[in-house]
Amino acid sequence: MLLTGGAGFIGGNLAAGLLRDGWRVDVADDLSTGDRAAVPSGAEFFEVDLSDKACIEMLPDNSYDAVLHLAGQSSGEKSFDDPAGDLDANCRSTVLLSEWALRHGVPAFIHASSMGVYGQPTVLPVAEDVEPRPISWYGASKLAAEQALAVAAKQGLRTVSLRMFSIYGPGQNLQEMRQGMVSIFLSMLLRGEPVEVHGSLDRVRDFVYVEDCVAAWLAALNSEAAGTFNVGSGVGTSVERLIDELCACAGAPKDHRVVSVGTTPGDQSEMIADCRLARESLGWAAATPLREGIEATVRWARDGA
C-alpha cells in the first residue's frame, strides 16, 4: 500500500490502521507539515515532494494494491496565503500521482477531499449530488483534484474521493493554530488561556472522530465502490456547544473566557454531512459520540501529546 501524507494527523492514524489489518505500508511525505514521528513503526518512509514530477518518479517501483492519497495542504485559511501553492499541493500532486498509478498498474486510488468543495450549501445536510461551489482556494483545489481523478477513472483507475468533514482526535497538532477547531480550542484551554474564536459562535460543524475516519478509508479500500463519498457524522454541533464540551472534558469552568477576534477568509457558516451514500455503498457510518471522542482526545493531550 502506498500512503501519502502518512506523517500527518489523519495519515499517521490511517497508517497504524493499515498495519493492524496486516497491510504492508510505504509512506510518502515531504514533511512540510507532517512529523516523521507520526509514521508508525512497521511502515517504510520515503521523503518525497509529490507536487514535483521528478520526485514522483523516485517512488518505489513496488506492486501496490492502492494509492491512498492524503498528502496536501489542508487549511482553508492558509490557502489564501498562497493559492498557487495550494493548487500544487492538492491538485498537481493528485494529477501526477494518478498518472504514476496508471503507469504502474495500481488498480485503485483513494483521495482525501474535503467538505470545502461545497462552499456554503443552501440545503443541509449536504449530499454528494449537490453542485459544489467552493468559497476558498482550498475548496477549489480539492474540487479540481476530484475532477482530475474523474479523467483518470476513464483510463481504468478505480477512484474514490472521500469528502472529509471536521476530523479531530489524538494525533492532531496542538501547536498548529490555523487548522483544526478542536485542537486549537483544546490547546488554549490546556494552557489556561482564553479561547479565541474567529467567527460566530453559532457556526455549525460536523465533527468526526479520527478512528471513524480511518474506518471510512479502510471501508473504501476493501470495497469495489468508486466515486465521491461524504465522511461525516451527520450531526451538526455549534462552535459554542463544542467549547462547552471541551471545557467539561478538560475540567475548565463553564464560564471560561471566550473571545471573538474577527473572521477568517473562506469560512463556512454551517456544514452537516448527509452520509447515506457511504452507508449504502461502503457499509460505513461514524460511531463515536462527540463527548466520547473529546474525552479520548483530552486524555491523549494530557498524556504528553
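In nm, what is the difference between 0.36 nm times the number of residues separating MET58 and ARG279 and their Cα-Cα distance?
75.8 nm
Suppose accessible area is computed on protein heavy atoms with a 1.4 Å probe; arrange ILE135, ILE110 from highest to lowest.
ILE135, ILE110
Under a plain spin-label model, where a point goes 7 Å from the Cα along Cα-to-Cβ, how far apart in nm are ASP82 and THR263?
For ASP82 paired with THR263, the spin-label model returns 2.7 nm.
What do the square roots of 5 times the Cα gyration tensor eigenvalues come to for the chain, in whole Å, largest first, as semi-axes of the equivalent ellipsoid?
In descending order the semi-axes read 30, 21, 18 Å.
If the viscosity is 1.567 mPa s and the temperature 4 °C, what translational diffusion coefficient in µm²/s does Stokes-Einstein give for the stretch 1-160 when Rh comes from Kirkwood over Cα pairs?
So the translational diffusion coefficient is about 81 µm²/s.
What FRET efficiency do you get for ASP303 and GLU240 if R0 is 22 Å and r is their Cβ-Cβ distance, rounded to the nearest 0.05?
0.20
Working only with C-alpha atoms, what are the Rg and Dmax values of the stretch 74-142, expressed in angstrom?
Rg, Dmax (Cα atoms, Å): 13.9, 42.
Rounded to the nearest 0.05, what FRET efficiency do THR122 and ASP255 have when you use their Cβ-Cβ distance and R0 = 51 Å?
After rounding, the FRET efficiency stands at 0.90.
For the pair ASP35 and ARG103, what calculated FRET efficiency results from E = 1/(1 + (r/R0)^6), where r is the Cβ-Cβ distance and R0 = 45 Å, to the nearest 0.05?
So the FRET efficiency works out to roughly 0.90.
Mind checking which aspartates and glutamates have their C-alpha under 12 Å from LYS78, skipping anything on the same chain fewer than 8 residues away?
Straight-distance partners of LYS78: ASP86, GLU176, ASP267.
Just tell me which lysines come within less than 23 Å, Cα to Cα, of LYS154; anything on the same chain fewer than 8 places away is out.
List returned: LYS53, LYS142.
In nm, to one decimal, how far is the modelled label at ASN222 from the one at SER200, with both set 7 Å along Cα→Cβ?
4.2
Hey, could you get me the Stokes-Einstein D for the stretch 181-255, Kirkwood radius over alpha-carbon pairs, 25 °C and 0.890 mPa s, rounded to whole µm² s⁻¹? Walk me through the numbers on the way to the answer.
Numbers: Rh = 14.3 Å.
The diffusion coefficient I find is 171 µm²/s.
Considering the stretch 147-292, what Rg and Dmax in Å follow from its alpha-carbon atoms?
According to the Cα coordinates of the stretch 147-292, Rg and Dmax are 17.3, 57 Å.
Excluding VAL298 itself, calculate the net charge of residues whose Cβ lies under 13 Å from the Cβ of VAL298, where each Lys or Arg counts +1 and each Asp or Glu counts -1.
Combined, the nearby Lys, Arg, Asp and Glu give -1.
For the chain, list the DSSP H helices whose alpha carbon atoms reach 30 Å or more along the long axis and whose average Kyte-Doolittle value is 1.6 or above?
Qualifying helices, which must be both long enough and hydrophobic enough, do not occur.
With viscosity set to 1.567 mPa s and temperature to 4 °C, compute the Stokes-Einstein D of the stretch 11-52, Rh being the Kirkwood radius across alpha carbon pairs; µm²/s, no decimals. Can you show the working numbers first?
Values: Rh = 10.6 Å.
Using the Kirkwood radius from Cα pairs, D works out to 122 µm²/s.
If you average the C-alpha positions of the stretch 164-240 and of the stretch 245-304 separately, how far apart do those two centres end up, in angstrom?
5
The values are calculated or read from the model by the stated rules, or taken from the named source; none is laboratory data. Note that the structure is a prediction, hence the values are computed from the model and not measured. With ideal geometry, Cβ positions are generated from the backbone for all residues, glycine too; neighbour counts draw on all protein chains shown. Remember, those area values only see protein heavy atoms, side chains included, never the ligands or the DNA or RNA. Shrake-Rupley method; radii C 1.70, N 1.55, O 1.52, S 1.80 Å.
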